[in-house]
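**Q** This is the structure, below, for whatever I ask next.
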Amino acid sequence: MRTLVCKQPFKLVYEERDIPKAKENSVVMKVSAIGICGTDIHAYCGNQPFFEYPRILGHEASGKIVEIGQNVTNFKVGQRVALIPYVACGKCGACLSGKTNCCENISVIGVHEDGAFSEYMTVPATNLIPIADNVDDAAGALIEPFAISAHAVRRAQVSKGTDVLVVGAGPIGLGAAAIAYADKANVVIADTSAERRAHINDHMPMLPTFDPINEKIEDYFNGMKPEVVIDATGNQKAMNNTVYLIRHGGRIVFVGLHKGTIEFNDPDFHKKETTLMGSRNATLEDFEKVQQLMAEDKISANMMLTHTFRYDELADIYEEKIIKNKALIKSVILR
């Protein structure tokens with residue numbers, strides 16, 4: 001099989017390797033589609049923390065099972081599946097409390113161990129979810145980023161009628177807005193980029209967009225500030241500002257990651273009795289919800305997907321058409 005290996009920063013090389021065999025509790029999946037995440041970009045550029053080379057990247061993937069291990073009873077050959085890339089230890093305090101998404105010893109397929117930039121891959125059966133016939137390969141590969149969004153929405157305790165501001169119209173922000181809307185919340189998306197606001201108008205026309213530089217957020221929520229702010233920017237200035245965007249008694253969820261310090265005025269934080277939460281990865285519950293919403297056509301790949309490429313050309317176009325492409329929001333690699 002043909003495998004694409006990130007040998008070192010800025011170097012992707014195709015290698016011929018043997019097709020893997022299924023182990024007792026695993027399956028072999030023929031990869032159909034791979035989503036490109038910021039982690040894949042950071043790893044390529046040499047600034048992904050806790051990362052070792054060489055590595056086969058790719059943790060957003062869909063495919064078809066071609067072999068099953070002898071202990072696997074819940075899947076069959078030929079079944080279409082999506083990857084759940086988080087391999088949890090099952091023994092730490094987080095796992096024992098059901099929070100496998102933030103396992104103390106978590107290993108992420110495509111980051112800490114080899115991933116989906118390959119024709120075939122071996123996956124623990126517990127790290128797969130079936131996908132419906134009407135969910136195509138590209139959408140299946142995007143279940144994982146949508147699941148991260150779904151987890152943030154669940155952390156925010158969003159329900160029917162909740163006023164929600166999503167800050168940042170990258171893939172995770174767009175996913176969070178789409179899922180909060182599917183939960184019947186009142187959702188507005190904020191982004192400083194006119195191009196990203198135009199993408200929302202084209203592909204998510206039911207959701208209003210907010211220009212945080214030139215508009216007042218109260219104009220979108222009947223004169224009030226939102227009850228929930230989900231920040232998906234990972235931008236220090238934007239994250240510092242969230243405490244000023246919520247109403248008193250409101251909730252903030254940081255799903256975007258800033259590699260540094262967040263600061264805000266404590267009296268402003270306290271007087272609102274602010275609830276502040278982080279959101280990391282996703283659990284099986286989130287993956288199942290996303291798959292169901294896709295099957296019901298309540299969320300779709302084109303809400304975040306802007307570009308598709310072919311696997312055979314990936315090594316040649318990765319830097320120019322993915323890393324440096326300012327118009328790209330989300331891309332999927334197809335076989």
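The values are calculated or read from the model by the stated rules, or taken from the named source; none is laboratory data. All values derive from a computational prediction rather than experimental measurement. Because the Cβ atoms are built from the backbone with ideal geometry, glycine has one as well, and the counts that use them run over all protein chains shown. Just so you know, the surface numbers come from the protein's heavy atoms only, side chains and all, with ligands and any DNA or RNA stripped out. Shrake-Rupley method; radii C 1.70, N 1.55, O 1.52, S 1.80 Å.
**Q** Is it true that residue 180 is touching a residue at least 60 places away in the same chain (Cβ under 8 Å), buried (at least 24 other Cβ atoms within 10 Å of the Cβ), within 24 Å of residue 215 (Cβ to Cβ) and small (Gly, Ala, Ser)? Break it down stepwise before answering.
**A** Values: touching a residue at least 60 places away in the same chain (Cβ under 8 Å): no; buried (at least 24 other Cβ atoms within 10 Å of the Cβ): yes; within 24 Å of residue 215 (Cβ to Cβ): yes; small (Gly, Ala, Ser): yes.
So residue 180 does not fit the description; no.
**Q** Report the residue count in segment 91-120 for those that are of a type in the set (Val, Ile, Thr) and within 18 Å of residue 63 (Cβ to Cβ).
**A** Count: 2.
**Q** Here's a follow-up. Which one of these does residue 13 not meet: (1) on the phi < 0 side of the Ramachandran plot; (2) touching a His at 6+ places or on another chain (Cβ under 8 Å)?
**A** Result: residue 13 fails condition (2) only.
**Q** OK, next. What strands (runs of 3 or more DSSP E), lying completely within segment 270-335, carry at least 1 residues that are of a type in the set (S, T, N, Q), open to solvent by less than 50 Å² (accessible area, probe 1.4 Å) and touching a His at 6+ places or on another chain (Cβ under 7 Å)? Working first, answer last.
**A** Details: elements: 275-278, 307-310, 331-334.
Result: 331-334.
**Q** Restricting to segment 157-194, count the residues that are among the aliphatic types (A, V, I, L, M) and within 16 Å of residue 226 (Cα to Cα).
**A** Applying the first criterion (among the aliphatic types (A, V, I, L, M)) to segment 157-194 yields 158, 164-167, 169, 172, 174, 176-180, 182, 185, 187-190, 194.
Right, trim to within 16 Å of residue 226 (Cα to Cα) and you get 158, 164-167, 176-177, 180, 185, 187-190.
Summing the residues that are among the aliphatic types (A, V, I, L, M) and within 16 Å of residue 226 (Cα to Cα) in segment 157-194 gives 13.
**Q** Please name all residue pairs, on different chains or six or more residues apart, with Cβ atoms under 7 Å, provided the first residue is in segment 281-305 and is touching a residue at least 12 places away in the same chain (Cβ under 8 Å) and the second residue is aromatic (Phe, Trp, Tyr).
**A** 281/86; 290/146; 299/146
**Q** Consider only pairs whose beta carbons are under 8 Å apart and that are at least six residues apart or on different chains; among these, list those whose first residue lies in segment 122-133 and is acidic (Asp, Glu) and whose second residue is surrounded by fewer than 20 Cβ atoms within 10 Å (Cβ to Cβ).
**A** 133/80
**Q** Quick test of your reading of the structure: residue 93 fulfils all but one of (1) over 26 Å from residue 36 (Cβ atoms); (2) in contact (Cβ under 8 Å) with a residue 40 or more places away in the chain. Name the failing condition by number.
**A** (2)
**Q** Something else: Looking only at segment 152-174, count every residue that is open to solvent by less than 10 Å² (accessible area, probe 1.4 Å) and within 17 Å of residue 278 (Cβ to Cβ) and tell me the total.
**A** 6
**Q** Do we find that residue 161 is in a loop (DSSP other than H, G, I, E, B) and in contact with a strand residue (DSSP E or B) (Cβ under 7 Å, 6 or more places away or on another chain) in this structure? Step through it out loud before you land on a result.
**A** Values: in a loop (DSSP other than H, G, I, E, B): yes; in contact with a strand residue (DSSP E or B) (Cβ under 7 Å, 6 or more places away or on another chain): yes.
Considered against the rule, which asks whether it is in a loop (DSSP other than H, G, I, E, B) and in contact with a strand residue (DSSP E or B) (Cβ under 7 Å, 6 or more places away or on another chain), residue 161 comes out as yes.
**Q** Also, quick follow-up: For residues that are among the aromatic types (Phe, Trp, Tyr) and over 29 Å from residue 253 (Cβ atoms), scanning just segment 114-151, find the one that is surrounded by the most Cβ atoms within 10 Å (Cβ to Cβ).
**A** Residues of segment 114-151 that are among the aromatic types (Phe, Trp, Tyr), as a first pass: 117, 120, 146.
Now drop any that are not over 29 Å from residue 253 (Cβ atoms), which leaves 117, 120.
Working: 117: 28, 120: 20.
Filtering first and then ranking leaves 117.
**Q** Looking only at segment 257-264, decide whether some residue is buried (at least 16 other Cβ atoms within 10 Å of the Cβ) and either basic (Lys, Arg) or in contact with a strand residue (DSSP E or B) (Cβ under 6 Å, 6 or more places away or on another chain) (or both).
**A** No, the conditions are met nowhere in segment 257-264.
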